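Below is one structure, written out as structure tokens, with a few remarks after it.
The values are calculated or read from the model by the stated rules, or taken from the named source; none is laboratory data. Note that this is a predicted model, so its numbers are computed, not measured. When we count neighbours, we look across all protein chains shown, and the Cβ atoms used for this are built from the backbone with ideal geometry, even at glycine. Ligands, DNA and RNA are excluded from the accessible area calculation, which covers all protein heavy atoms including side chains. Shrake-Rupley method; radii C 1.70, N 1.55, O 1.52, S 1.80 Å.
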Amino acid sequence: MDQLLNDFSPGLFFMQAIILLILIVLMRKFAWKPILESLQTREDGIKNALDSAEKARLEMQNLQADNKKLLNEARAEREAMLKEAREMKDKMIESAKTEAETQANSIIEQAHAAIESEKKAAIAELKSHVAGLSIEIAEKVLREELSDNSKQQKLVDSLIGEATLN
Amino acid sequence: MVATKSIKFIAILVLMMTSVFAFANEGEHDNQHHEGGNKVDTPEEIKEYIAHHLKDSHDFHLYTNNETGTHVSFPLPVIVWTSEGLRTFMSSEFHHDDAGHVIVEKDGVKLTKIHSKIYELEAGADEVVFDDHHHAENAHKVLDFSITKSVFGMLLAGLLMILGFGALAKGYKKGAIPTGFGRALEPLVIYVRDEIARPNIGEKKYRKFMSFLLTVFFFIWILNLLGLTPLGFNVTGQIAVTVCLAIFTVVIYLFSGSKDFWGHTLWMPGVPYILRPILAVIELIGFVLIKPFSLLVRLFANMTAGHFVVMSLIALVITMKEAFGPVASTGVSLALALFISVIEILVAFLQAFIFTMLSSLFIGMAVEEHDHH
Amino acid sequence: MYNLIGAGLIVIGAGLGLGKIGGSAMEAIARQPEAAGKIQTAMIIIGALLEGLAFGALILGK
């Protein structure tokens, strides 16, 4: 202890105090402050970058989810549209079919009617024609038959005979 | 970058020139001044040599040529406050005398150097008279503000810090990531901040103390490492230096003590009223005396012991030469000294770390605010 | 002479203390290797306090 006290140099103590004080002030101004500030800004920067990266990742996720939703919606819509179109097509075909059928039926009917009426007309004409012809023939036959009186008498007689028999 | 390089170049040039100049200067003087010869041979001489090394010195001694008795060293300025006022001269005027034989007279003040301390002779005395315990009877110590080897070491450490960390700070202006040597320094700064200051002082308040802690940490570490170089600084092994460092810490934590800290120290809650004053005295002694004392003694004793051990092991070359021959003794000494030096490199860091750690721990105790009441 | 004996006693005490600290720290690290850093720091602090005490006593006795 005595030796230590003897070794203690107040001058050195004083110089050390001054040097340390000046050194602290100098280092604070020229080194520690800028260094610590730069470190702080750098760390903040890294932290911010990480945060924003995380945020971007979340946003990306949201976006992806949105995309998926949109895609699903679009798909559903397409599906619906296709279904509708198919239904419409079916309906159209159906209606066209029925229409065509009815039309065809009516045409056929008309044709039938026309044919019938033509037939009737033709038959009627044929009938009248046949009647005319038969009358003409009958007239000619009669004229031939009844050209002399005997034949006329004979006919009357046969006719009367037929009539009395009945 | 160019500026830093040129500064370094100039510094080295100045250093070299001074040493060459000193060498030439010393060459003129003969070895007659030196007491007991220059050889370090016997255990007593080794002991004395080590004791001398552990002390501060007024010149920067590099080595001594035993053949010619020339000291290769460069002198450092002596600045003393005597009874007659300030006196300055170069330490070369003492001609390496350390036993009070050479008396330098400066404007009516007679000064001499005994065991690395500068004494002023009382008026009328022409030479130092020693008593039985080898204490000077007719001389007293003066206030010595010399640029001693330790002060020189501190200035060197300060210069290194300003150059290194100044460059690092400047580097941040160019980009967020340091280049060159700054890459090695930056993790150290972050280490002090994140491992020492933050956990011990607390997230909110550590910023205020960063300048002190960083400066002290690197100051002690650089000085410890300088002590391991062959230049032979023993700055952190000077009791005055460690006292100063500890007093800085004490002043800082006493002046930044929170209300809670003083409340707990001076009027401990939850303790019987009779005991409170006693506890207050104990706590005060703890904070004002014991804590700084342990801080300063630890650093001082560790560094002194380290230097002592390294030098003793190197001295094995001499002490074991008789028994084992020169080659074996050199080999053993080299191996042991190398081993201890590696440990000392660790200790150099550890002591800087512990000083800073305990300082921040004490500061943390002082600034802590309790919310439980 | 007496102060040398005292120094020896101090060193014995400090050695016991350091051994206890070191041993406990090793055990703790073995039990929880992930907390090794924190345990080491705490160990060094306690060791430093002990060292301060021992050195203080040594210096006072010198």
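Nearest 100 Å² is fine: what is the total accessible surface buried where chains B and C meet, probe 1.4 Å? Intermediate results must be reported in sequence, preceding the final value.
Working: alone 21170 and 4750 Å², together 24910 Å².
Buried area (both sides, nearest 100 Å²): 1000 Å².
What do you get for Rg/Rh over the protein assembly as shown if you use C-alpha atoms and the Kirkwood form of Rh?
On the way: Rg = 57.6 Å, Rh = 32.9 Å.
With Rh from the inverse mean 1/r over Cα pairs, Rg/Rh is 1.75.
Run the numbers for A:ALA111 and A:ALA76: contour at 0.36 nm per residue of separation, minus the present Cα-Cα distance, in nm.
Values: separation 35, 0.36 × 35 = 12.60 nm, distance 5.09 nm.
Going from the current span to full extension adds 7.5 nm.
Say the cut-off is 21 Å between C-alpha atoms; which of B:LYS173/B:LYS205; A:LYS33/B:LYS174; B:LYS55/B:LYS117; A:LYS47/B:LYS170; A:LYS29/B:LYS208 go over it? Before the final figure, lay out each step's value.
On the way: B:LYS173/B:LYS205 27 Å; A:LYS33/B:LYS174 16 Å; B:LYS55/B:LYS117 10 Å; A:LYS47/B:LYS170 23 Å; A:LYS29/B:LYS208 13 Å.
Too far apart for the 21 Å limit: B:LYS173/B:LYS205; A:LYS47/B:LYS170.
Given a Förster distance of 45 Å, report the FRET efficiency between B:HIS115 and A:ALA56 from their Cβ-Cβ distance, rounded to the nearest 0.05. Each step should come with its number before you reach the end.
Values: r = 72 Å, r/R0 = 1.60.
According to the calculation, E is roughly 0.05.
Measure off 7 Å from each Cα along the Cα-to-Cβ vector at C:ILE12 and B:GLU45, then give the distance between these two points in nanometres to one decimal.
Distance between the two pseudo-spin positions: 4.0 nm.
What is the dipole size for chain A, taken about its Cα centre, with +1 at each Lys and Arg Cβ and -1 at each Asp and Glu Cβ, in debye to the nearest 20? Before the final figure, lay out each step's value.
Working: 23 positive and 29 negative charges, 228 e Å.
Charge dipole, chain A, about its Cα centre: 1100 debye, nearest 20.
To the nearest 10 degrees, how steep is helix B:149-174 against the longest Cα principal axis of chain B, on a 0 to 90 scale?
The angle comes out at about 50 degrees.
Looking at the square roots a ≥ b ≥ c of the eigenvalues of the Cα gyration tensor of the range B:246-348, which shape do they give, rounded for a/c under 1.5, prolate if a/b is larger than b/c, or oblate?
Values: a/c = 5.45, a/b = 3.85, b/c = 1.41.
It is prolate, given that a/c is not under 1.5 and a/b is the larger ratio.
Explain nothing, just compute: Karplus ³J(HN,Hα) = 6.51 cos²θ - 1.76 cosθ + 1.60, θ = phi - 60°, for every residue of the range A:48-53 in order, whole Hz, x for Gly and Pro.
4, 4, 5, 4, 5, 5
Taking beta carbons within 10 Å but only from partner chains, what does the mean come to for residues B:349-359? All intermediate terms of the calculation are to be shown ahead of the outcome.
Values: counts 0, 3, 2, 0, 3, 7, 1, 0, 4, 5, 0.
Other-chain Cβ atoms within 10 Å of each residue's Cβ, averaged: 2.
Diagonalise the Cα gyration tensor of chain B and give the resulting equivalent ellipsoid semi-axes, square root of 5 times each eigenvalue, largest first, whole Å.
Numbers: eigenvalues 340, 158, 105 Å².
Result for chain B: semi-axes of 41, 28, 23 Å.
Using +1 at the Cβ of each Lys and Arg and -1 at the Cβ of each Asp and Glu in the range B:76-147, identify which of B:LEU86, B:ASN138, B:GLY108 lies farthest towards the dipole's positive end.
About the Cα centre, the residue reaching furthest to the positive side is B:LEU86.
I need the peptides B:100-110, B:297-307, B:360-370 ranked by packing, meaning the mean over residues of other C-beta atoms within 10 angstrom, with the highest value on top.
Details: B:100-110: 15.8, B:297-307: 22.9, B:360-370: 19.2.
Ranking, from highest mean packing down: B:297-307, B:360-370, B:100-110.
How large is the accessible surface per residue of chain A, computed with a 1.4 Å probe and reported in Å² as a whole number?
On the way: 13600 Å² over 166 residues.
Value returned for chain A: 82 Å² of accessible area per residue.
Ignoring ligands, DNA and RNA, what percent of the accessible area of chain B is carbon or sulfur (1.4 Å)?
Details: 12670 of 19010 Å².
About 67 percent, which is the carbon plus sulfur part of the accessible surface.
When each pair of different Cα atoms in chain A is counted once in the 1/r mean, what is the Kirkwood radius in angstroms, to one decimal? If you can, show how the numbers build up before the last one.
Values: mean 1/r = 0.0320 Å⁻¹.
This gives a value of 31.3 Å.
Give me the inter-chain shielding for C:45-51: mean count of other chain Cβ atoms within 10 Å, whole number please. Don't skip to the end; give the middle numbers.
Working: counts 5, 0, 2, 12, 6, 1, 7.
Partner Cβ neighbours, averaged per residue: 5.
How many angstrom lie between the Cα centre of the range B:81-102 and the Cα centre of the range B:276-347?
31
Which distance in Å, rounded to a whole number, links the C-alpha centroids of the range B:135-178 and the range A:69-84?
The distance from the Cα centre of the range B:135-178 to that of the range A:69-84 comes to 80 Å.
Over the whole of B:279-289, what's the average partner chain Cβ count within 10 Å per residue? Rounded to a whole number, please.
Mean inter-chain Cβ contacts per residue within 10 Å come to 0.
Write down Rg/Rh for the range B:231-295, rounded to two decimals, with Rg from the C-alpha atoms and Rh from the Kirkwood relation over Cα pairs.
On the way: Rg = 15.8 Å, Rh = 13.5 Å.
Rg divided by Rh gives 1.17.
Taking the Cα centre of each part, how many Å lie between the range A:107-166 and chain C?
Cα centroid of the range A:107-166 versus Cα centroid of chain C: 158 Å apart.
Based only on Cα atoms, what Rg/Rh ratio does the range B:150-367 have, Rh being taken as Kirkwood's radius? Let's see the in-between values first.
On the way: Rg = 21.3 Å, Rh = 19.6 Å.
Rounded to two decimals, Rg/Rh equals 1.09.
Run down the lysines and flag those whose C-alpha is under 26 Å from the C-alpha of A:LYS154, throwing out any fewer than 8 positions away in its chain.
A:LYS154 reaches A:LYS140.
How far is it, in nm, from the label point at B:HIS101 to the one at A:LEU4 when both lie 7 Å from their Cα along the line to the Cβ?
So the label points at B:HIS101 and A:LEU4 sit 3.4 nm apart.
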